[in-house]
Amino acid sequence: MKCNDARTFMSQIAGKSVTIQVQQSDVNFLSTNGYLSVMPKGDYDQAAAEVANLTQMNDALQNEMVEERIARAALAKDERKTHSILFHLEGRDEKEAEVAKVENERGAVAREDADIVEKDSRIKELIQKKSAIDRMVPYDGLYLSLTGLGVLTLNDLNVRNYRVSDSDFSDFIEERMETLGELHSIAERGSFQVSNLRTRVLEADFSQLWNVSIGLAKLRADQSQISQRFLLALGILHHFDSTLDNQMMAAEIITSLSANSSQSSIDNSDLQNLTKTLQRLDHDLRHHAKVPKQISTGVAALVMFGRRYDGTYPTDRFLEFSRMTRSYESAAILSVMNDPSNQLPNKFQAFRSMFGLWGYQTSEDTELASAFLAISDLGPDDVRWKISIIVTALKNYLEYPLVAAAILTSIPTLEANETLDLMEKAYSSLWSFATGLERSELVSLSVRMIHGIKNEIVEKLDPTAKITRTPVQFTHAPSALFFGYYAPLIIVHSSYYSTFSGIGGFHPAHVHGVGGGFGG
């Protein structure tokens, strides 16, 4: 069964008008795997007959409940009478009669209560049955309806139809389950990291811990060893002058430099050399590029991540880009990009101009967004419609959504609605683990989770390309396009802080929640 046929068939069932004919084996597959409820006509007719008198049964139950309340009030009155002073002045026969009357009334009320419970349970059962058969549609001697899983799967088919319409439905389901499983696994590993770090990094708040933990959870190595390496790196970096956010960013990048899935264990013997290199770069950037000390460690770590094959670091490129932008993080992002044709400056300027034409004033937001888009395979003409859709959607959760929207837009093989759908799935995977975080924080963590996904199946970055199997690969191997592992540029907080960049204003790497209980 092809995805397009499954989508059409399930859509018609949801719309209660099935005109398409599918093979019985396909109906059996959908039913067996929990996407369809199937009822033979005889069972449907019997269920319809059972619920036919539901209204009358409910009316009768309401009347019985009224009678029960009257009987209970009478019982309470007679019980009070048996406890009064006058009752003790009555004769023996009168007392025994009153007590017997109260016991009979108590028994009658108990029986009526039990009858009400039984009838109420039966009515609830019939309501559920009526709800089920009301959704059913006749098809080839059967009655069909979508289950809850079927509704969710149909939604995914609608989002992905432009890509998977000619693929086998079973392949689509396999890919869907692998994607959901990977997102759940990242969230679960993130929770493990938070539990390890919260008693060791006492100065970090809960959202800071979750932010770095998602980055660590995406590394393909033993999570206990990753946690140990991160803590060792952070301990060494504590004497650096930068903020805790930037120290944690640098520690995460240092951790990722050894977290290779091909290794059976992580070797931490390189930490001293890496931190010495970082210290030297930190010094050079502060003195030659005038990077403020508060962010110099994080910026230096990004530059260190761009180590060239000859062992040098792109400080020359950083200096070049720092003359183009006063956003030091943006300059660092651009400097690590392998750009032999030197097209990156023009792309960066083109995206800045695009945001300017849209009415945005130059800010850290526009510079970082332009940098993320510039290092993607996309140009301004490719992203205008996509990023406008994503920005509009994220405005419901973030006051300043431009950077997060640019990161999502930079995923080249997913169109806007599919990207947002994937982010929503990441959100759903996270919320049960990251209890206590605000909605805006969870949204930004979701962006962190899916940033860096690669598609190894589609040969060309064509948004209409056919996906044959597992289109979403959560791999983080070294890439000529960008970082081998996602660098933590979105630092999650429920409120915003002034940036130490040359531009000033509000730092887009912090979450800006929208109103009320969702951030400041």
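Results for (1) open to solvent by 10 Å² or more (accessible area, probe 1.4 Å); (2) in a helix (DSSP H, G or I), shown as yes or no for each residue.
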| site | (1), (2) |
| --- | --- |
| L368 | no, yes |
| A393 | yes, yes |
| Y400 | yes, no |
| A405 | no, yes |
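Please go through region 128-141 and give me each residue that is in contact with a helix residue (DSSP H, G or I) (Cβ under 7 Å, 6 or more places away or on another chain) and aliphatic (A, V, I, L, M), ordered by number. Before you say what the answer is, go through the steps one by one.
Let us first name the residues in region 128-141 that are in contact with a helix residue (DSSP H, G or I) (Cβ under 7 Å, 6 or more places away or on another chain), namely 129-130, 133, 136-137, 141.
Answer for region 128-141, where residues must be in contact with a helix residue (DSSP H, G or I) (Cβ under 7 Å, 6 or more places away or on another chain) and aliphatic (A, V, I, L, M): I133, M136, V137.
Conditions (1) open to solvent by 80 Å² or more (accessible area, probe 1.4 Å); (2) touching a residue at least 60 places away in the same chain (Cβ under 8 Å); (3) not acidic (D, E), marked per residue:
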{"site": "N346", "(1), (2), (3)": "yes, no, yes"}
{"site": "W358", "(1), (2), (3)": "yes, no, yes"}
{"site": "Q361", "(1), (2), (3)": "yes, no, yes"}
{"site": "D365", "(1), (2), (3)": "no, yes, no"}
{"site": "S376", "(1), (2), (3)": "no, yes, yes"}
{"site": "G379", "(1), (2), (3)": "no, no, yes"}
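A single member of E175, E182 is surrounded by 16 or more Cβ atoms within 10 Å (Cβ to Cβ), in contact (Cβ under 8 Å) with a residue 12 or more places away in the chain, out of contact with any helix residue (DSSP H, G or I) (no Cβ under 6 Å at 6 or more places or on another chain) and within 17 Å of A434 (Cα to Cα), and it is E182.
The set of residues from region 6-63 being at pLDDT 90 or above, assigned to a helix (DSSP H, G or I) and of a type in the set (V, I, T) comprises T8, I13, V27, T32.
Filtering region 38-62 to residues that are open to solvent by less than 40 Å² (accessible area, probe 1.4 Å) and over 30 Å from D140 (Cβ atoms) leaves only L61.
Among the residues of region 206-217, those that are in contact (Cβ under 8 Å) with a residue 40 or more places away in the chain and either open to solvent by 10 Å² or more (accessible area, probe 1.4 Å) or more than 16 Å from H184 (Cβ to Cβ) (or both) comprise F206, S207, Q208, N211, V212, G215.
The rows are residues; the columns are (1) in a loop (DSSP other than H, G, I, E, B); (2) at pLDDT below 90.
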| position | (1), (2) |
| --- | --- |
| R384 | no, no |
| I390 | no, no |
| D421 | no, no |
| A426 | no, no |
| M449 | no, yes |
| G452 | yes, yes |
| V458 | yes, yes |
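Among the residues of region 368-409, those that are among the polar types (S, T, N, Q) and closer than 22 Å to N158 by Cα comprise S388, T392, T409.
Per the conditions (1) without any contact (Cβ under 8 Å) to a residue 24 or more places away in the chain; (2) open to solvent by less than 60 Å² (accessible area, probe 1.4 Å); (3) outside any helix (DSSP H, G or I), the sole criterion not satisfied by A76 is (3).
The values are calculated or read from the model by the stated rules, or taken from the named source; none is laboratory data. If you're wondering where the values come from, they're calculated on a predicted model, not measured in any experiment. Please note: Cβ atoms are built from the backbone with ideal geometry, for glycine as well, and neighbour counts cover all protein chains shown. Note: accessible area is taken over every heavy atom of the protein model, side chains too, but ligands, DNA and RNA are not part of it. Shrake-Rupley method; radii C 1.70, N 1.55, O 1.52, S 1.80 Å.
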